[in-house]
Every structure is written in C-alpha cells, then in structure tokens.
Amino acid sequence: ESVAGFSNSDVTVVNGALATMTSSDNITWTGTYTPTADVEDATNVLTLGTTWTDTAGNAYGGSSTDTANFTIDTTAPAVSSFTMSDTDLKSGDTSTVTIVFSEAVAGFASNDDVTAPNGALASMTSSDNITWTGVYTPTANVEDATNVLTLATSYTDTAGNTGPSATTANFTIDTTAPT
C-alpha cells in the first residue's frame, strides 16, 4: 500500500551513497546506489528501517528489512614493482622484465600494454595473473643512455577497475660495435 513519511533517512547505506529515492505512487520507490571509490568489501546490504507509516498513519509493524548481499570492488589494481634484471645492456645481452601487480589482472597483453623502446619485449607470462615476466632484447647498433619501459593503462583487475601506468627505472643500451 502507499506509505507516508518515507525518505532516504529510512535506508541505512553502507560503502556508498543512495540518490534520493522517488516514487510515482508511494508504493514502489527507486533510487540509484553508487559505491564509494577504493572499497573492496564482499559483505554489503542496505537496510530499510521501520519509522515510516502507511497513509492512514499506521506504523510499520515488522522488523527492518535488508537487501540481498552485494559485493563492491572499486579499488584499482596497483603496480607493486616493474623491474629489469639488467639495466646496462650491451651486444648479446637480454634483461628479464618483471611486473608485479597488487592483485590479479585481466586483459593484460605485454606486447600491447608495454612500450619497449630500442628493443623487443617477448610476450610476458604469468601463472597467477599477478606476477608477469618476459625477456627484453635490445636492438642491434643502438647507443642510448635514456630508456624506460612504459606500462599502459589498458589492463584491468578482474572486477574491471583500470590500473595505472608505470615505468621501469632508466636503462642504457650500447649495442654498437666499435669501429
């Protein structure tokens, strides 16, 4: 039946905000819930209180009611480390590249997500989608003291949150033979 005196203050909201609930008939009420940023919580419910009445003024006689449980993951993955095993590359050298994320990532393809100047990065692999490794091989006949590998922001965590960009420390390349 229609209710009176109902407002958002009758709903206990956790880990987010509930836009003002509206109704065209005072029976069905709707509002948009927006989760708070940087929250990971598997146990969440909204609770409807008991302070509202019907239009005749009769108090609700039941107990509070909860929504079904819902999970929230609005925390973006972080890059814990992005390193190279060798940062002074000469002819014939390679360097193992390791990226460690704070959590499992999805949609990561090293050849698309890592820019590798003056060389090539072999496809990176992972057994847990957290720690990724691959081998960087510098291009022949290059002499450059300023190089970094750059991670793009095209990957996400398994919940779909976009991760940040990152770079390795500077590395040098000297694959030019003396003449």
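Tabulated results
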read-out	value
Answer residue from segment 153-179, given it is hydrophobic (A, V, I, L, M, F, W, C) and modelled with pLDDT under 95 and is surrounded by the fewest Cβ atoms within 10 Å (Cβ to Cβ) among those	ALA177
Flag for ASP112 being open to solvent by 60 Å² or more (accessible area, probe 1.4 Å) and under 17 Å from SER154 (Cα atoms)	yes
Residue match in segment 70-92 (condition: touching a residue at least 24 places away in the same chain (Cβ under 8 Å), assigned to a loop (DSSP other than H, G, I, E, B) and within 14 Å of THR12 (Cα to Cα))	no
Test result for THR75, within 23 Å of THR156 (Cα to Cα), in contact with a strand residue (DSSP E or B) (Cβ under 8 Å, 6 or more places away or on another chain) and open to solvent by 70 Å² or more (accessible area, probe 1.4 Å)	no
Total residues in segment 1-30, condition under 16 Å from THR50 (Cβ atoms), in contact with a strand residue (DSSP E or B) (Cβ under 6 Å, 6 or more places away or on another chain) and in a loop (DSSP other than H, G, I, E, B)	2
Residue tally, condition exposed (fewer than 13 other Cβ atoms within 10 Å of the Cβ), hydroxyl-bearing (Ser, Thr, Tyr), more than 30 Å from GLU103 (Cα to Cα) and free of Cβ contacts under 8 Å to residues at least 40 places away in the same chain, over segment 10-55	5
Enumeration of residues in segment 56-85 that are hydroxyl-bearing (Ser, Thr, Tyr) and at pLDDT below 90	TYR60, SER63, SER64
Scan of segment 93-119 for residues that are in contact (Cβ under 8 Å) with a residue 40 or more places away in the chain, over 17 Å from THR162 (Cβ atoms) and among the hydrophobic types (A, V, I, L, M, F, W, C), ordered by number	VAL97
Looking only at segment 103-113, and only at residues there that are assigned to a loop (DSSP other than H, G, I, E, B) and small (Gly, Ala, Ser), the one that is farthest from ALA177 (Cα to Cα)	ALA104
Answer residue from segment 114-166, given it is part of a loop (DSSP other than H, G, I, E, B) and in contact with a helix residue (DSSP H, G or I) (Cβ under 7 Å, 6 or more places away or on another chain) and is nearest to VAL100 (Cα to Cα) among those	MET124
Residue ID - farthest from SER95 (Cα to Cα), chosen from residues in segment 167-179 that are over 34 Å from the mean Cα position of the chain (by Cα) and assigned to a loop (DSSP other than H, G, I, E, B)	THR179
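The values are calculated or read from the model by the stated rules, or taken from the named source; none is laboratory data. This one's a predicted model, so the numbers in the text were calculated from it and none came from an experiment. As a convention, Cβ positions derive from the backbone with ideal geometry for all residues, glycine included, and neighbour counts pool all protein chains shown. All accessible areas refer to the heavy atoms of the entire protein, side chains included, with ligands and DNA or RNA removed. Shrake-Rupley method; radii C 1.70, N 1.55, O 1.52, S 1.80 Å.
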